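The values are calculated or read from the model by the stated rules, or taken from the named source; none is laboratory data. Please read these numbers as outputs of a predicted model, since none were measured by experiment. Positions of Cβ are generated from backbone atoms using ideal geometry, with glycine treated the same way; all protein chains shown enter the neighbour counts.
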Amino acid sequence: MKRTATAQWRGDGMTGTGTLTTQSGAFTAQPYSFKTRFGDEEGKAGTNPEELIAAAHSGCFTMALSFALAKAGFTAELLETEAVVEVTPSEAGFSITAITLKLKANVPGVSAEQFQELAAGAKANCPISKALASVPITLEASLV
């Protein structure tokens with residue numbers, strides 16, 4: 001299986017603009033720029049690579065956990081994961097320095113201990129976590 005996305009860029013890094021398009025069509029010519037990446041904290045003017053990493057990681061982890069729960073005999077009523085990708089500037093440029101997965105879950109019948117164990121396993125083993133292994137990844141998982 002291969003998945004693709006295409007970036008187009010026009011202009012210099014500070015004032016130029018670009019678009020991102022995915023193979024599936026979920027994004028078609030989605031705008032991005034320096035401002036949407038580093039200046040627009042609300043994220044309303046377009047997307048950025050770090051936001052897409054957060055979306056990919058939260059989706060991958062949550063799906064991995066649903067499979068782990070099912071294998072253990074549980075079905076989640078709700079798994080909601082927010083991925084927070086931290087970007088820090090340095091003299092060498094910008095770096096992703098941390099990712100926090102904030103999970104709230106409603107899983108009937110699972111014990112708190114088993115839930116934590118399954119969530120930790122999903123964090124360690126989802127393909128996106130593996131790809132991002134050079135970045136510290138923290139999990140905050142709670143049953144609601």
*Is at least one residue of segment 102-119 assigned to a loop (DSSP other than H, G, I, E, B), exposed (fewer than 15 other Cβ atoms within 10 Å of the Cβ) and of a type in the set (S, T, Y)?*
yes
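Restricting attention to segment 11-28, which residues are loosely packed, with under 11 Cβ neighbours inside 10 Å and polar (S, T, N, Q)? Talk me through it step by step, then tell me what you get.
Just the residues of segment 11-28 that are loosely packed, with under 11 Cβ neighbours inside 10 Å, to begin with: 12-15, 24-26, 28.
Listed by number, the residues that qualify are T15, S24, T28.
Take the residues of segment 73-100 that are among the hydroxyl-bearing types (S, T, Y) and surrounded by 14 or more Cβ atoms within 10 Å (Cβ to Cβ): which is nearest to L132 (Cα to Cα)?
T100
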*For segment 70-124, how many residues meet the condition of being out of contact with any helix residue (DSSP H, G or I) (no Cβ under 6 Å at 6 or more places or on another chain), at pLDDT 95 or above, closer than 30 Å to G13 by Cβ and among the aliphatic types (A, V, I, L, M)?*
4
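So, K123, is that one within 14 Å of the chain's Cα centre (by Cα), outside any helix (DSSP H, G or I) and of a type in the set (K, R) or not?
no
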*Might you let me know whether segment 65-72 holds any residue that is free of Cβ contacts under 8 Å to residues at least 24 places away in the same chain, in a loop (DSSP other than H, G, I, E, B) and surrounded by 17 or more Cβ atoms within 10 Å (Cβ to Cβ)?*
no
*If you take the residues of segment 73-105 that are of a type in the set (S, T, Y) and in contact (Cβ under 8 Å) with a residue 24 or more places away in the chain, which of them is farthest from F38 (Cα to Cα)?*
T75
